[in-house]
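Structure first, then comments.
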Amino acid sequence: MDDKEQRIGERAHEIWESEGRREGDDMAHWHRARQELGEPDVQEVNEQASRQFNEGDDKDGAATNMDITKARFGSPD
């Protein structure tokens, strides 16, 4: 476990203790700890990357979905 994950785990444990040590909320505590420590949520990062890819806002010149579709099936024009 790297230092970042250890800090998140420690904060999640603190949250768990502060909420009465209820079982079953471990993922909620983990996500809350990540958020408190300024770590981006994985789902949020994936959604942002997907939006950038679909909009063609990539920085390295990678093909967009439309480019791939045109290459496979020809231009619809």
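The values are calculated or read from the model by the stated rules, or taken from the named source; none is laboratory data. All figures in this text were calculated on a predicted structure; none of them were measured in a lab. Surface areas here come from the heavy atoms of the whole protein model, side chains and all, with no ligands, DNA or RNA. Shrake-Rupley method; radii C 1.70, N 1.55, O 1.52, S 1.80 Å.
Some observations on this one:
- Stretching GLU55 away from GLN43 to a fully extended chain increases their span by 2.5 nm, per 0.36 nm per residue minus the current alpha-carbon distance.
- At a probe radius of 1.4 angstrom, the accessible area of the stretch 1-50 per residue rounds to 77 square angstrom.
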